[in-house]
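Colleague: I am attaching a structure below and will ask some questions about it afterwards.
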């Protein structure tokens, strides 16, 4: 089976107070449709809490062929056996992240609405660049608003994959897939879906497929 031209990239809710319960929900969501990656994103918590989350969720994702990416912390990502790390512009440098993660694991970089930052990241060796936010989001305080056109331009000129992130839901995923995203990162659009996370994954995959089909 050919790899889809655009795939779903899940981001965990900002708090995981019931890891066992969330693990059950996550398994159902991952079984509902194609998911390329799961980013564990827990801000301002102790390392032990992050470690517990990785220990609980990584086996669930790995059993389904889903890459686990840790947000912000290449040191923890490397130590805990994650498949990759996602760093922002204010986090560890790419060079430091790559040194810690090694050449065989992923390093993705937030590039906001800047093709310049993205080109620097790509030239340095990043495995993907992330643009956003594209829509209002309650998940994080997004400093920039990106236009979908940045995805189209990137797709036409660069080979490094791009991730679209920020406020994307079932209602907006088609537009973002059509614009040229390789991956669409979603948090609340899945976990807060009216019919449940599994239905959210299924609906998002349908919209992503439709958007890819509409690419000119």
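The values are calculated or read from the model by the stated rules, or taken from the named source; none is laboratory data. Nothing here was measured: the structure is a model prediction, and the numbers come from that model. Backbone-built Cβ (ideal geometry, glycine too); neighbour counts: all protein chains shown.
Colleague: Scan segment 131-178 for residues that are assigned to a helix (DSSP H, G or I) and out of contact with any strand residue (DSSP E or B) (no Cβ under 8 Å at 6 or more places or on another chain) and report the count. Give the derivation first.
Modeller: Here is the first cut: in segment 131-178, the ones assigned to a helix (DSSP H, G or I) are 149-157, 170-178.
Checking the rest, the ones that are also out of contact with any strand residue (DSSP E or B) (no Cβ under 8 Å at 6 or more places or on another chain) come to 149, 152-153, 156-157, 170-172, 174-175, 178.
Matching residues across segment 131-178 total 11.
Colleague: Just give me the residues in segment 152-163 being in contact with a helix residue (DSSP H, G or I) (Cβ under 6 Å, 6 or more places away or on another chain) and more than 15 Å from residue 117 (Cβ to Cβ), in sequence order.
Modeller: 152
Colleague: Right, here's the next one. Only residues that are in a helix (DSSP H, G or I) and touching a helix residue (DSSP H, G or I) at 6+ places or on another chain (Cβ under 6 Å): list them for segment 206-216, please. Working first, answer last.
Modeller: Step one: filter segment 206-216 for residues in a helix (DSSP H, G or I), giving 206-213.
Within segment 206-216, 207, 208, 210, 211, 212 meet the criteria.
Colleague: Just one of 142, 185, 164 is surrounded by 17 or more Cβ atoms within 10 Å (Cβ to Cβ) and modelled with pLDDT under 95; which is it? Quick ask: steps written out before the conclusion?
Modeller: Details: 185 fails: modelled with pLDDT under 95; 164 fails: modelled with pLDDT under 95.
Among 142, 185, 164, only 142 is surrounded by 17 or more Cβ atoms within 10 Å (Cβ to Cβ) and modelled with pLDDT under 95.
Colleague: What about residue 126, is it touching a residue at least 12 places away in the same chain (Cβ under 8 Å), farther than 17 Å from residue 157 by Cβ, outside any strand (DSSP E or B) and in contact with a helix residue (DSSP H, G or I) (Cβ under 8 Å, 6 or more places away or on another chain)?
Modeller: Numbers: touching a residue at least 12 places away in the same chain (Cβ under 8 Å): yes; farther than 17 Å from residue 157 by Cβ: no; outside any strand (DSSP E or B): yes; in contact with a helix residue (DSSP H, G or I) (Cβ under 8 Å, 6 or more places away or on another chain): yes.
No: the conditions fail for residue 126.
Colleague: Does residue 190 satisfy the condition of being touching a residue at least 60 places away in the same chain (Cβ under 8 Å), assigned to a helix (DSSP H, G or I) and buried (at least 21 other Cβ atoms within 10 Å of the Cβ)? Let's see the steps before the verdict.
Modeller: Working: touching a residue at least 60 places away in the same chain (Cβ under 8 Å): yes; assigned to a helix (DSSP H, G or I): yes; buried (at least 21 other Cβ atoms within 10 Å of the Cβ): yes.
Spelling it out, residue 190 is indeed touching a residue at least 60 places away in the same chain (Cβ under 8 Å), assigned to a helix (DSSP H, G or I) and buried (at least 21 other Cβ atoms within 10 Å of the Cβ).
Colleague: Would you pick out the residues in segment 170-182 that are closer than 11 Å to residue 8 by Cα and either surrounded by fewer than 20 Cβ atoms within 10 Å (Cβ to Cβ) or touching a residue at least 40 places away in the same chain (Cβ under 8 Å) (or both)?
Modeller: If the condition is that a residue be closer than 11 Å to residue 8 by Cα and either surrounded by fewer than 20 Cβ atoms within 10 Å (Cβ to Cβ) or touching a residue at least 40 places away in the same chain (Cβ under 8 Å) (or both), then 177, 181, 182 are the ones that fit.
Colleague: Tally time: how many residues in segment 22-49 are touching a strand residue (DSSP E or B) at 6+ places or on another chain (Cβ under 7 Å) and either over 23 Å from residue 201 (Cα atoms) or surrounded by fewer than 16 Cβ atoms within 10 Å (Cβ to Cβ) (or both)?
Modeller: Going through segment 22-49 one residue at a time, the tally reaches 0.
Colleague: Return a yes/no flag: does segment 194-205 have any residue that is surrounded by fewer than 22 Cβ atoms within 10 Å (Cβ to Cβ), outside any helix (DSSP H, G or I), at pLDDT 95 or above and within 17 Å of the chain's Cα centre (by Cα).
Modeller: no
Colleague: Evaluate the following for residue 161: is it within 17 Å of the chain's Cα centre (by Cα) and farther than 24 Å from residue 66 by Cα?
Modeller: Numbers: within 17 Å of the chain's Cα centre (by Cα): yes; farther than 24 Å from residue 66 by Cα: no.
Here the answer is no, as residue 161 does not meet what is asked.
Colleague: Just for segment 1-25: of the residues that are without any contact (Cβ under 8 Å) to a residue 60 or more places away in the chain and part of a helix (DSSP H, G or I), which one is farthest from residue 188 (Cα to Cα)?
Modeller: Residues of segment 1-25 without any contact (Cβ under 8 Å) to a residue 60 or more places away in the chain: 1-3, 15-24.
Now narrow it down to the ones that are part of a helix (DSSP H, G or I): 19-24.
Numbers: 19: 17, 20: 19, 21: 17, 22: 14, 23: 16, 24: 17 Å.
Here the answer is 20.
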